[in-house]
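A short write-up of the structure that comes next.
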Amino acid sequence: MAVSRREFITSATATAIASRVVTGTVSAKPTTDARIVLVYDDGPVTDYTKAFPVHKEEGVPASIGIVSKWVGTDGSESMSRAATADELSEMESFGFEIMSHTREHTSLTSFPLAADIEPDDTRAYPKGPHASHPFHHGYEVEIYDGNKSVTRKIVGSGRNDDDDRYMVLDEPVGTTFDADTARERLTPKTMRYLLHDSKRTLESYGFEVDNLLAPFDQFSGYAERFTEEFYTGVANAVDSDGINPRGKVDPYGIRRDYFIEYTDWETISGELDTIAETNALGVFGAHTQREEVTPEKIRRMIRAAKRRGIEIVTLRQALADAGFGPETATTTTTTTNGTTATETATSNETATPTGTRTVVADSTKSSGDESLLDRYGPVGAVGCVGAGLGAFWWRQNDDE
Ligand SMILES: [Zn+2]
């Protein structure tokens, strides 16, 4: 059987964590095949200061969704600052999984329109609490209905007197769209750019990035079409209970619940019971930048899982166990016996100690913008989100 380097690193990480778990304060020997993944969103410094110490003490990993453009910056207004590359690196070295949360926290789905569009109009009003596209200046957007499609560049944004958000387009739309039938979405090349650039930037820091966390818990068939080109799975494809039945894990259909915000402990306890009884995969998220997400509540979740014999793993591990994972181009060992393979894995780990990796990316800019822009076509000056309206808007909606 062919064994990839990735699988070895994954199992090496799991073994390292398992050995730490044994020394934890709560007996943690899993007694079932049930598993949960704990996911933290947005990459605030509080992932490092609030969640990481608890996970270290308890000897369990997490999967964290990082907005690549925010690494080492102030991040969004909802956080004091974003985690630095060094902080992320320390967490990854312990066993945390770094996931992409897109380049700049952009919704990957389409939105209906709140108002009709006339041929002379240069404004479009996407509808819905997560319709963030107006604040992503420089990107191409497609407005379409069943019969026609128009592509324009987003060059501005604002709110009308009724406080509806709108995007300003570089040219009049030139045709009529009925709000009842029309929608808007980012163009395929913009989607690929946002998804690919994020992964590549995070990898340039030295992180291993396989999975995506979708901004605003918004995911769809349109998003999946492009996501599957770059990522093995999506941690929050369905915002619902966090129970993924055994044998039916769909990497692009993973159900995630929140375990502190938007819920109560009775609900989460019940879901953990079901997961333990049915050997399911549970996926649960939290925003550590929020006040109610405390170290105590994170510890309560971890210990509740341990008491039920549920193992806590990364999404990468959970997907690998379910038979999904990247086909690495650098499969280094095709082995006929386990000994050779183990030695290879060991030498890889030794040659690249994750704690001392060289950080090559400049945290203030995305690496490789030019060549990706070449590949996906010009999208112009990118992004006003992360400052001003975009970040403010994001914070407001996150509080809903
Ligand atoms: Zn987010």
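Here are the numbers for the structure shown:
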| item | result |
| --- | --- |
| Scan of segment 200-229 for residues that are assigned to a helix (DSSP H, G or I), in contact (Cβ under 8 Å) with a residue 40 or more places away in the chain and away from the ligand (no atom under 16 Å from the Cβ), ordered by number | R200, T201, S204, Y222, F226 |
| Residue satisfying condition, being farther than 23 Å from E142 by Cα and either within 12 Å of the chain's Cα centre (by Cα) or open to solvent by 30 Å² or more (accessible area, probe 1.4 Å) (or both), within set D217, D250 | D250 |
| Residues being away from the ligand (no atom under 16 Å from the Cβ) and either without any contact (Cβ under 8 Å) to a residue 60 or more places away in the chain or of a type in the set (D, E, K, R) (or both) - total across segment 98-127 | 10 |
| Matching residues, segment 231-242, being more than 16 Å from the ligand (Cβ to nearest atom) and surrounded by fewer than 18 Cβ atoms within 10 Å (Cβ to Cβ) | S240 |
| Yes/no for I312 being in contact (Cβ under 8 Å) with a residue 24 or more places away in the chain and in contact with a helix residue (DSSP H, G or I) (Cβ under 7 Å, 6 or more places away or on another chain) | yes |
| Those residues of segment 37-63 which are within 13 Å of the ligand (Cβ to nearest atom) and small (G, A, S), in sequence order | G43 |
| Looking only at segment 158-201, and only at residues there that are acidic (D, E) and open to solvent by less than 10 Å² (accessible area, probe 1.4 Å), the one that is farthest from P215 (Cα to Cα) | E184 |
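The values are calculated or read from the model by the stated rules, or taken from the named source; none is laboratory data. If you're wondering where the values come from, they're calculated on a predicted model, not measured in any experiment. Glycine also receives a Cβ, built like all others from the backbone with ideal geometry; neighbour counts cover every protein chain displayed. Areas reflect the complete protein model, heavy atoms only, side chains present, ligands, DNA and RNA absent. Shrake-Rupley method; radii C 1.70, N 1.55, O 1.52, S 1.80 Å.
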